[in-house]
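See below for the structure under consideration.
The values are calculated or read from the model by the stated rules, or taken from the named source; none is laboratory data. These figures come from a predicted structure and were not determined experimentally. We place every Cβ from the backbone using ideal geometry, glycine too, and count neighbours over all the protein chains shown. Quick note on the areas: whole protein, heavy atoms, side chains included, nothing else; ligands and nucleic acids left out. Shrake-Rupley method; radii C 1.70, N 1.55, O 1.52, S 1.80 Å.
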Amino acid sequence: MKIFKLITQLSASLFIVACTSTPPVQNNSEHTQPTTNTNKAVEQTHQPITAVISALLANCTQAPTRPTLENEALQTFIGEYCTTTSTNKQLKLIEEIKTNALWPNDYVVWFDSLTWHTENLRKQKITNFYSDSKAQKHEQQLLELQRQLIELKQKLVDIEKQRLETSLSENRTQ
């Protein structure tokens, strides 16, 4: 979970820096994309992406104050994204929110970045799972070797004891 928080914070920081270092675009064409799908709701006003990223960070890090977003779909997405540990579910949530509406370019880039970070987190979780599995197998092997070593030590003690008893009995008979 720590890795997820670090990746989320890193992603958010990068976007906040990128968004604050580039001048805002005055062209409204970034908010209107060609309408090839008439089922999508077109929203003309969006909060700055920095507000969305801040809301995600606040929700995912369990901050005491959590900003609310004007867009209910985004608010719901962030709530669900931060409460699940399943990267598969998170990737599905991202895909759903991306296709939910026509988003400004900076939102699309953020969704793509979030997808990339979540996919990397998923790969790390899988790698960690297999590493933990291998470590557990090695630990079991070490425990078995330790048990065998204890048995061998006991056999050596028994052999030495028998040798001493034999030696003592020979000394008594002489």
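Odds and ends about this structure:
- Residue tally, condition surrounded by fewer than 18 Cβ atoms within 10 Å (Cβ to Cβ) and not in a helix (DSSP H, G or I), over region 67-100: 6
- Condition check for residue 173: farther than 29 Å from residue 57 by Cβ, of a type in the set (Val, Ile, Thr) and open to solvent by less than 80 Å² (accessible area, probe 1.4 Å): no
- Of all residues in region 56-66, exactly one satisfies the criterion of being over 21 Å from residue 98 (Cβ atoms) and not in a loop (DSSP other than H, G, I, E, B), namely 58.
- Restricting attention to region 49-63 and to residues that are open to solvent by 20 Å² or more (accessible area, probe 1.4 Å) and either aliphatic (A, V, I, L, M) or farther than 17 Å from residue 84 by Cβ (or both), the residue that is modelled with the lowest pLDDT turns out to be 63.
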